[in-house]
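Step one of this worksheet: look at the structure below.
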Amino acid sequence: MPELPEVETIRRDLTREIVGHTIEKVQIIDPRVLRTPPQDFIRRLQGMRIKQVSRRGKALIIHLSSGEYLIAQVMMTGQLVVNQARAKHTRLAFKLSKAAELLYNDQRVFGQLRVVSSLDEVKYFRILGPEPFSAGFNDKYIQAYLKKTGRPIKSVLLDHTFVAGVGNIYAAEILFRCKIDPQRQATKIKPREAVCLQKKTREVLKQAINARGSSMRNYLDAAGKKGSFVRLMRVYAREGRPCLVCGHGIQRIAQGGRSTFYCMKCQK
Ligand SMILES: [Zn+2]
């Protein structure tokens with residue numbers, strides 16, 4: 001599932017590839033990905049120029065010349081690719097000016113696209129916590145939030161009301177780098193560990209953005225290429241392999257229906 005670094009990589013690619021283009025024609029191949037009625041979706045997009053592509057959490061925001069926004073939440077398997085061949089899972093095709101084409105591919109059809117006139121119309125944006133690189137994600141905020149919840153720290157990191165865009169892969173990598181047991185209750189996180197969480201969240205996400213994300217299964221950037229953060233993973237998907245710090249085997253446990261990878265020797 002794409003997390004912040006993957007969506008940010010797509011955003012940067014799209015900024016380069018589609019900003020300034022006009023949407024000439026919208027072709028709906030599979031309306032299940034739409035959260036705006038199909039006729040409305042087409043009418044509000046066709047003829048509009050793309051002014052900017054931004055991101056909030058794991059959602060992409062395409063700013064239109066009408067003042068409205070096309071919001072894309074790619075969820076599990078959605079991909080936004082430019083100038084690629086159409087695929088079996090292509091659900092939407094946007095013919096752009098200068099003979100460019102933007103495709104929305106989605107194997108499992110969990111993704112959601114909609115046109116809104118205000119970002120407040122999207123529930124996800126209303127409940128979302130601070131962006132990890134914003135001033136709002138500071139150690140004071142982190143400590144205050146963690147004090148209020150008895151949940152395991154791993155679950156809190158995944159909670160997008162706490163911080164926007166961190167998912168299963170990066171949560172495991174952040175906790176390993178801070179030497180924190182993913183099962184530890186959030187209330188038991190010490191102040192210096194809260195500082196570490198802030199620092200390592202930013203560091204891991206920055207590294208992952210520089211590596212153009214992690215491709216475990218379906219994620220591709222806008223050019224249809226895979227990300228390379230997989231090579232920098234220290235615990236995620238390394239079950240049974242030696243910890244890079246102490247040599248002990250990496251454990252895999254289930255937490256909230258998701259796999260958690262950690263080193264029980266280094267993370268206490
Ligand atoms: Zn270890």
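Dividing the alpha-carbon Rg of the chain by 2.2 N^0.38 Å yields what?
The chain yields a ratio of 1.06.
Output wanted: per-residue J couplings in Hz (rounded whole) for the stretch 79-85, from phi through Karplus 6.51 cos²θ - 1.76 cosθ + 1.60, θ = phi - 60°, x for Gly and Pro.
Once rounded to whole Hz, the list reads 9, 10, 10, 10, 6, 10, 5.
Calculate, for the stretch 155-237, the solvent-accessible area per residue in square angstrom, rolling a 1.4 angstrom probe over the heavy atoms of the protein chains.
Accessible area per residue, the stretch 155-237: 41 Å².
Got a number for carbon plus sulfur as a percent of the chain's accessible area, 1.4 Å probe?
Of the solvent-accessible surface of the chain, carbon and sulfur hold 50 percent.
Residues of the stretch 51-88 with the amide nitrogen closer than 17 Å to a label point 7 Å from the Cα of Ala223, along Cα-to-Cβ, please.
Flagged as within label range: 80-85.
If the chain between Gln84 and Ser65 were fully stretched, how many nm would it gain, using 0.36 nm times the residue separation less the Cα-Cα distance?
Extending this stretch completely gives an extra 4.3 nm.
Multiply the residue gap between Arg192 and Asp40 by 0.36 nm, knock off their C-alpha separation, and tell me the result in nm, one decimal place.
The span from Arg192 to Asp40 would gain 49.6 nm if fully extended.
Order of 173-186, 136-149 by packing, highest average Cβ count within 10 Å first?
For the peptides 173-186, 136-149, the packing ranking is 173-186, 136-149.
What does the accessible area per residue of the stretch 22-151 come to in Å², with a 1.4 Å probe and no ligands, DNA or RNA counted?
Here the residues of the stretch 22-151 average 48 Å² of exposed surface.
Just by accessible area at a 1.4 angstrom probe, what is the order of Ser117, Ser228 from largest to smallest?
Listed by decreasing accessible area, they come as Ser117, Ser228.
The values are calculated or read from the model by the stated rules, or taken from the named source; none is laboratory data. Note that this is a predicted model, so its numbers are computed, not measured. In this analysis, Cβ positions are derived from the backbone assuming ideal geometry, glycine residues included, and neighbour counts consider all displayed protein chains. To get the accessible areas, we keep the full protein, side chains included, count just its heavy atoms, and leave off ligands, DNA and RNA. Shrake-Rupley method; radii C 1.70, N 1.55, O 1.52, S 1.80 Å.
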